[in-house]
Amino acid sequence: MIMIQATYKDKSLIVDILTKSFDTNKSVNYVIIQDNKRERRIHKLMDYSFELCWMFGEIYLTPDKKGVVLILLPHKKKTTLYGIWQDLTLAFCSVGITRAFKVLDRESKIKKYHPKEFMYLWYIGVIPQEQSKGIGSSLLQEIINLGNQRNLPVYLETSTERNLPLYKRFNFKIYQELIFDYTLYLFKKEPDSIVA
């Protein structure tokens, strides 16, 4: 399977896949206000994530459009008026002002471990009825291949403990564990040219 670059027309599909894929994710739900609008708030978070990766990263789909990857390239990120608008919209619509400080604190704790240049695997999602069929593994291998081609490490976080063996199988290493209301595992995979 070879990933295909998403187009902006794919946004609705991608946001929908990610909203469903991360519905019960501890890290996502830590960020989102937990009320009767929770699903809509997750949808807004995924919309925000799409927009940020569209501006400062890359978005890929499987050819059958059942799986998606959002990669952020933090070294390319710039402050823009549109980006500020997106941040404010997320804060008001999904996170809430009182939780924003908690979220900013979490992000600063994660970022202090990041190098200057890397590929940040922000989200990898597969539509729920197609999970556990190897789609996520195939996407992960494609991301590793991209990191190797670019000679960039790949960083990611997960709060989903059942995913730990998957990342370890692909030679990602846990470099830090952060404790919030849950444990967040910080992983990295150096490009093969550096490891060898």
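Based on what the data block shows, is residue 117 touching a helix residue (DSSP H, G or I) at 6+ places or on another chain (Cβ under 9 Å), of a type in the set (Asp, Glu) and closer than 21 Å to residue 17 by Cα? So residue 117 does not fit the description; no. Of the residues making up the stretch 138-174, those that are without any contact (Cβ under 8 Å) to a residue 40 or more places away in the chain, among the aromatic types (Phe, Trp, Tyr) and surrounded by 18 or more Cβ atoms within 10 Å (Cβ to Cβ) are 167, 172. Selection of the stretch 58-112 for residues being closer than 15 Å to residue 30 by Cα, in contact (Cβ under 8 Å) with a residue 60 or more places away in the chain and not basic (Lys, Arg) yields 94, 95, 96, 103, 110.
Looking at this structure, is residue 70 surrounded by 14 or more Cβ atoms within 10 Å (Cβ to Cβ) and within 12 Å of residue 122 (Cβ to Cβ)? Yes; evaluated as a whole, the condition is true for this residue. Number of residues in the stretch 81-127 that are under 17 Å from the mean Cα position of the chain (by Cα) and open to solvent by 60 Å² or more (accessible area, probe 1.4 Å) equals 7. The set of residues in the stretch 143-183 that are within 22 Å of residue 117 (Cβ to Cβ), part of a helix (DSSP H, G or I), of a type outside the set (Lys, Arg) and over 15 Å from the mean Cα position of the chain (by Cα) comprises 145, 146, 147, 148, 149. For residue 187, the conditions (1) of a type outside the set (Gly, Ala, Ser); (2) part of a helix (DSSP H, G or I); (3) over 28 Å from residue 37 (Cβ atoms) all hold with the exception of (2). What about residue 177, is it surrounded by fewer than 17 Cβ atoms within 10 Å (Cβ to Cβ) and within 21 Å of residue 49 (Cβ to Cβ)? Against the criterion (surrounded by fewer than 17 Cβ atoms within 10 Å (Cβ to Cβ) and within 21 Å of residue 49 (Cβ to Cβ)), residue 177 does not qualify. The one condition from (1) open to solvent by less than 20 Å² (accessible area, probe 1.4 Å); (2) among the charged types (D, E, K, R); (3) in contact (Cβ under 8 Å) with a residue 60 or more places away in the chain that residue 51 does not meet is (3). Checking every residue in the stretch 80-100 against the condition of being over 23 Å from residue 155 (Cα atoms) and modelled with pLDDT of 80 or more gives zero matches.
The values are calculated or read from the model by the stated rules, or taken from the named source; none is laboratory data. All figures in this text were calculated on a predicted structure; none of them were measured in a lab. Every residue, glycine as well, gets a Cβ built from its backbone with ideal geometry; the counts of neighbours run over all protein chains shown. Note: areas computed on protein heavy atoms with side chains; ligands, DNA, RNA excluded. Shrake-Rupley method; radii C 1.70, N 1.55, O 1.52, S 1.80 Å.
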